[in-house]
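**Student:** Shown below is the structure under consideration.
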Amino acid sequence: MKKVMNIQQLIALGGMIGPILYTSIWILGGILQPDYSHIRDDVSSLMAVGAPNKRLFDFMQLTNIILVILFFTNLHWAIDGGQGSIIGPACFVLTSLINIPVVLFYPLDEGGSIDSSTAQMHIKLVMVMALFGALGMLAMCQRLSKTSGWSWYGTYSLITFIVTAITGVIASKTAGSEIMGLTERLVVTANVQYIFVLALNVFNLSS
C-alpha cells in the first residue's frame with residue numbers, strides 16, 4: 001500500500017521545488033536568450049524592463065517565492081513543534097515577502113542597468129533581503145545546534161553563512177564587471193542549496 005505524503009511533507013516538497021524553479025530561471029535564460037551570458041549577466045537582468053521572457057521568469061520567480069513563504073511559515077513548527085526561537089524562520093519569511101515587490105514593482109532597467117530610482121530601489125531591497133537572510137542563518141545555527149535530529153544543520157547553517165558572506169563580498173566587488181554573473185551565482189547557489197537541504201530534512205523527518 002502506497003504511503004501518502006502528509007501536509008508537512010507537501011509543504012517541504014514545495015520548499016524544495018522553489019529553489020529548483022529559481023535555478024531554472026537562469027538556466028532557461030541562457031537557452032532562450034543566446035546573447036545572455038551566465039558569466040557576465042546577473043539573474044535579475046532576465047526580469048528587467050523589456051526583457052524578452054520577463055513574464056515567464058516573473059511567473060517562475062513569484063511561484064518560487066510563494067512556495068518558500070509557505071515552507072518558511074511552517075518551518076518554526078516543523079522543526080521541534082515550535083519550541084525553539086522563531087527568529088530564524090521569521091527572518092526567512094520577511095526576506096521572501098520583500099522579494100515580492102522586488103519582482104512586481106522594482107525591476108532593473110532595460111538591459112539590467114540601474115539608472116532609474118526604481119532600479120536603485122531594486123538593489124536596496126535586495127541588500128535588505130541579504131541582511132535578513134544572513135540573520136536567519138545565524139539564528140537557525142543557534143536554534144538547531146541544540147535540537148535533536150538537527151544539530152548537524154546548525155553547523156551547516158554556520159558554514160553556509162560564512163560561504164554566503166565571503167561570496168557576497170566578492171560579488172559586491174565585481175558588480176558591473178565581466179564576471180558579475182558568475183560571482184552572483186556563487187552567492188545565490190549557496191542560498192538556494194541551503195533552502196533545498198533544509199526542506200529535504202523537514203520532508204524526511206516528517207515521514
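**Student:** Quick one: Karplus J couplings for the stretch 87-96, per residue in order, coefficients 6.51, -1.76, 1.60, θ = phi - 60°, nearest Hz, x for Gly and Pro?
**Tutor:** With coefficients 6.51, -1.76 and 1.60, one gets 4, x, x, 5, 4, 5, 4, 4, 4, 5 Hz.
**Student:** Add -39500 (n - 2.57) for each DSSP H run of 4 or more in the chain, then divide by its residues: what number comes out at 222 nm, to the nearest 500 deg cm²/dmol? If you can, show how the numbers build up before the last one.
**Tutor:** On the way: 6 runs with 148 residues, N = 207.
Rounded to the nearest 500, it is -25500 deg cm²/dmol.
**Student:** Please report, in whole Å, how far the alpha carbons of the chain spread along each principal axis, starting with the longest.
**Tutor:** 48, 40, 26
**Student:** Return one number: the angle in degrees, 0 to 90 and rounded to the nearest 10, between the long axis of the Cα atoms of helix 180-205 and the longest principal axis of the Cα atoms of the chain.
**Tutor:** Taking the Cα atoms of the chain, the angle to 180-205 is about 20 degrees.
**Student:** Give me the Debye-computed log₁₀ of I(q)/I(0) at q = 0.21, 0.23, 0.25 Å⁻¹ for the stretch 33-90, equal point scatterers on Cα only, no solvent, two decimals.
**Tutor:** Calculated log10 I(q)/I(0) at the listed q: -0.79, -0.86, -0.95.
**Student:** Taking only the alpha carbons of the stretch 122-207, what extent do you get along each of the three principal axes, in Å, biggest first?
**Tutor:** The Cα atoms of the stretch 122-207 stretch 45, 21, 21 Å along their principal axes.
**Student:** For the stretch 161-166, what does the Karplus curve 6.51 cos²θ - 1.76 cosθ + 1.60, with θ = phi - 60°, yield as ³J(HN,Hα) per residue in whole Hz, taken in order and with x for Gly and Pro?
**Tutor:** Along the stretch 161-166, the couplings run 4, 5, 4, 5, 5, 5 Hz.
**Student:** Counting Lys and Arg as +1 and Asp and Glu as -1, each charge on the Cβ, what is the dipole of the chain about the Cα centre in debye, to the nearest 20? Before the final figure, lay out the partial values.
**Tutor:** Details: 10 positive and 10 negative charges, 147 e Å.
The calculation lands at about 700 debye.
Laboratory data are not the source of any read-out in this text; all were calculated from the coordinates shown. None of the values given here were measured: they were computed from a predicted structure. Every residue, glycine among them, receives a Cβ derived from its backbone with ideal geometry; neighbour counts consider all protein chains shown.
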